[in-house]
Every structure is written in structure tokens, then in C-alpha cells.
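The values are calculated or read from the model by the stated rules, or taken from the named source; none is laboratory data. Everything quoted here is computed from the prediction, not taken from an experiment. Cβ coordinates were reconstructed from backbone atoms using ideal geometry, including for glycine residues, and neighbour counts include every protein chain displayed. Surface accessibility is based on the protein's heavy atoms, side chains included, excluding ligands, DNA and RNA. Shrake-Rupley method; radii C 1.70, N 1.55, O 1.52, S 1.80 Å.
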Amino acid sequence: MEQIGDPFGQNMSETTLGFLALLRRDFASARQRFEQVIVRCREIDDLFLESVAHYHLGWIDVQTGNPGQAKYRFGQQLRVTTDIGTEEGIALSLEGFFATSAREGDAEGAGRFFGAAEALRERKALFWNRRFAFHTKTLQEIRDGSDAALFEAGRVDGRNADLDDVVALAFNMVRGTHVAALT
């Protein structure tokens with residue numbers, strides 16, 4: 001892709017290599033690849049792959065113990081996906097906010113984000129490949145933990161909430177977060 005000067009192809013390749021690095025838990029390599037994708041996406045106005053890169057960077061931050069930066073990344077992904085109108089991206093963002101809330105000890109808030117994502121997936125028949133879902137470990141931990149009832153109450157609330165309200169809540173969480181200078 002570099003030889004033929006195809007930036008979209010380069011982004012697709014980098015995204016795939018970044019995803020593989022993330023699965024191998026080579027966070028430094030994955031981060032570098034996804035940050036490069038974002039820079040190139042902005043050069044060619046590719047909002048879709050930019051949102052994919054932010055999503056994966058969010059999971060790198062979750063897995064490396066930086067929920068504040070993860071919220072920023074999931075917020076960037078949510079901003080882009082709402083701009084382009086992809087409901088799958090919105091569901092993925094809300095699943096990211098579920099994980100950051102859970103990692104910060106907010107079981108009810110985690111449930112609200114998870115329930116909203118779950119309801120959106122069901123309403124729109126969105127595919128969810130559990131083998132590639134990064135949040136399944138966190139979901140199992142919170143369901144097995146002492147805050148399971150709080151999580152479940154939040155989940156019911158999220159399933160019944162107006163999606164726009166849950167998206168606004170996510171954006172409000174990002175506004176209150178201080179993060180390092182990021183791509």
C-alpha cells in the first residue's frame with residue numbers, strides 16, 4: 001500500500017496489524033500503529049477508520065490502567081461515530097464507557113452504559129462477535145462481584161433509557177476528564 005501510495009490501504013493494513021498487536025498484548029506497537037492511522041485518516045478525511053483507531057486505543061488504555069485516557073478515546077470514537085451515523089460504533093463506544101466506569105468502581109454507571117449498548121444491539125440486530133469483544137472479562141468480573149446488584153439495576157435503567165440521554169452522559173464524562181495531549 002505504501003509503494004502504490006494508497007493511504008486508505010495503508011490505514012487498513014495498519015489497523016489490522018494494530019489489532020493483532022493488541023491481541024498479543026504488545027500495547028506499545030498497537031498504540032503506535034493506531035496513532036499513525038489517526039494521523040493518516042485526518043489527512044484523507046476517513047472518519048470510519050479514525051473511529052476504529054480511537055476505539056482500539058481506548059481498549060489499550062483500559063488494559064494498561066488508564067481509564068481517563070480511555071474515556072477520552074471512547075469519547076472521540078463516539079463523536080466520530082455519531083457524526084457518521086454508525087450505530088455499531090455507538091454500541092462499541094458505550095461498551096467502552098461500561099468498562100471505564102466498571103474500572104473506576106461505578107457499577108451502576110457501568111450497567112447503564114452496558115444496558116444501553118445491549119438494547120441498541122438488540123433493536124438494530126447488530127452483530128457482536130464475543131471472541132473479539134474486549135469487554136467480556138470486565139463484564140464477567142462485575143457480574144461475579146459484590147456490586148452485581150448495582151450493575152444489574154443500572155443495566156435495566158440503561159436498557160430503558162433514551163439512547164440520546166446515555167450518549168450525552170458519556171460526552172459529559174469525557175468533558176470532566178483531564179488527559180495527556182493525545183492524537
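When the stretch 32-59 is filtered for residues that are of a type outside the set (Phe, Trp, Tyr), in a helix (DSSP H, G or I), open to solvent by less than 60 Å² (accessible area, probe 1.4 Å) and more than 18 Å from Ala91 (Cα to Cα), the ones remaining, listed by number, are Glu35, Val37, Ile38, Arg40, Cys41. Within the stretch 80-122, the set of residues being surrounded by fewer than 19 Cβ atoms within 10 Å (Cβ to Cβ) and among the polar types (S, T, N, Q) comprises Thr82, Thr86. Can you confirm whether the stretch 3-18 contains a residue that is among the hydrophobic types (A, V, I, L, M, F, W, C), assigned to a helix (DSSP H, G or I), open to solvent by less than 30 Å² (accessible area, probe 1.4 Å) and in contact with a helix residue (DSSP H, G or I) (Cβ under 8 Å, 6 or more places away or on another chain)? Within the stretch 3-18 (the criterion being among the hydrophobic types (A, V, I, L, M, F, W, C), assigned to a helix (DSSP H, G or I), open to solvent by less than 30 Å² (accessible area, probe 1.4 Å) and in contact with a helix residue (DSSP H, G or I) (Cβ under 8 Å, 6 or more places away or on another chain)), the answer is no, since none of the residues qualifies. For Ser146, the conditions (1) at pLDDT 95 or above; (2) part of a helix (DSSP H, G or I) all hold with the exception of (2). Out of Phe151, Phe134, one residue alone is aromatic (Phe, Trp, Tyr), within 24 Å of Gly65 (Cα to Cα) and assigned to a loop (DSSP other than H, G, I, E, B). It is Phe134.
Considering each residue of the stretch 27-78, count those that are among the charged types (D, E, K, R), touching a residue at least 60 places away in the same chain (Cβ under 8 Å) and closer than 24 Å to Leu163 by Cβ, and give that number. Residues meeting the conditions: 2.
Report, ordered by the first and then the second residue, all pairs with beta carbons closer than 7 Å, sequence separation of six or more or different chains, a first member in the stretch 132-143 that is surrounded by 12 or more Cβ atoms within 10 Å (Cβ to Cβ), and a second member that is part of a helix (DSSP H, G or I) and of a type in the set (A, V, I, L, M). So the pair list comes out as His135/Ala99; Thr138/Ala99; Thr138/Ala102; Ile142/Ala102; Ile142/Ala107; Ile142/Ala110; Ile142/Ala148. Of all residues in the stretch 110-131, those satisfying the criterion of being in a helix (DSSP H, G or I) and among the aliphatic types (A, V, I, L, M) are Ala110, Ala116, Ala117, Ala119, Leu120. Output the residues belonging to the stretch 162-175 that are surrounded by fewer than 17 Cβ atoms within 10 Å (Cβ to Cβ) and touching a residue at least 12 places away in the same chain (Cβ under 8 Å). Selection gives Phe171 alone.
Every test in (1) over 22 Å from Ala170 (Cα atoms); (2) touching a residue at least 60 places away in the same chain (Cβ under 8 Å) is passed by Ile90 save one, and that test is (1).
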